[in-house]
Amino acid sequence: MSGYVGSKRSSSLVSFDEGTIGSGVVFPAGHVIQVVYAESTTATSITSTTQGSGTSTGLSATITPVSSSNKFFISYVGSFYLARHGAPAVSVEIYDGTSVVATENGNWGIYINGDGDEYDNQWKYPFQAFITPSGSGAITYTVRAWKQGNGVTAQINSRLSTLTIMEIQQ
């Protein structure tokens, strides 16, 4: 493999030393085109009790698709605290500024079938979705949540929540 590492190749498409790829390159289907990542440790109270109009968890990321025919793979891992309550629950949705593009479809992401004697309910909540971008310009995706029961807090005690969006070539 000499010539690939530590030396500049004379190719009009690839320049390894500069880390650039020419504009004429077409990636095969399934290739990750770009990745954006966001994280939050800011405690945020969830007040909404209605799917479709959740409370922002304080976590969002902006991505501009290379092609509107590509797909986005969205991966969220949220940290939640559910206060003492009989049958507390929380669920999330991904909102693109206009509409909800991914959700649990009416189901709770975290649900505790309890009688109210439970306390200190702290959970990591994984959520993934594979969606089509809603346009070709910059899109900001926000993680929102809604609850059942008493207080629900995202990122309580500075616990980390993350959002990763990958554009996948189609």
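The values are calculated or read from the model by the stated rules, or taken from the named source; none is laboratory data. Note that this is a predicted model, so its numbers are computed, not measured. Every residue, glycine as well, gets a Cβ built from its backbone with ideal geometry; the counts of neighbours run over all protein chains shown.
Among the numbered conditions (1) surrounded by fewer than 20 Cβ atoms within 10 Å (Cβ to Cβ); (2) in contact (Cβ under 8 Å) with a residue 24 or more places away in the chain, the only one that S161 does not meet is (1).
Conditions tested, residue by residue: (1) assigned to a strand (DSSP E or B); (2) hydroxyl-bearing (S, T, Y); (3) surrounded by 16 or more Cβ atoms within 10 Å (Cβ to Cβ).
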{"residue": "V25", "(1), (2), (3)": "no, no, no"}
{"residue": "T49", "(1), (2), (3)": "no, yes, no"}
{"residue": "S56", "(1), (2), (3)": "yes, yes, no"}
{"residue": "V66", "(1), (2), (3)": "no, no, no"}
{"residue": "G78", "(1), (2), (3)": "yes, no, yes"}
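When the residues of the range 148-170 are filtered to those that are of a type outside the set (V, I, T) and within 15 Å of G58 (Cβ to Cβ), the one that is farthest from the chain's Cα centre (by Cα) is N157.
Only one entry in A102, A145, A129 is modelled with pLDDT of 95 or more, assigned to a strand (DSSP E or B), of a type outside the set (F, W, Y) and farther than 23 Å from Q34 by Cβ, namely A145.
Tell me the residue from T153, T62 that is touching a Phe, Trp or Tyr at 6+ places or on another chain (Cβ under 9 Å), closer than 20 Å to V36 by Cα and in a strand (DSSP E or B), please. Just a single option satisfies the conditions, and that option is T62. Taking the range 118-132 as the search range and keeping residues that are out of contact with any Asp or Glu (no Cβ under 8 Å at 6 or more places or on another chain) and closer than 13 Å to S79 by Cβ, which one is surrounded by the fewest Cβ atoms within 10 Å (Cβ to Cβ)? The qualifying residue surrounded by the fewest Cβ atoms within 10 Å (Cβ to Cβ) is P126. For G135, indicate whether it is over 14 Å from F72 (Cβ atoms), in a loop (DSSP other than H, G, I, E, B), more than 15 Å from the chain's Cα centre (by Cα) and not acidic (D, E). Criteria not met by G135. Among the residues in the range 81-90, are any at pLDDT 95 or above, small (G, A, S) and either part of a loop (DSSP other than H, G, I, E, B) or surrounded by 14 or more Cβ atoms within 10 Å (Cβ to Cβ) (or both)? For the range 81-90, residues at pLDDT 95 or above, small (G, A, S) and either part of a loop (DSSP other than H, G, I, E, B) or surrounded by 14 or more Cβ atoms within 10 Å (Cβ to Cβ) (or both): absent.
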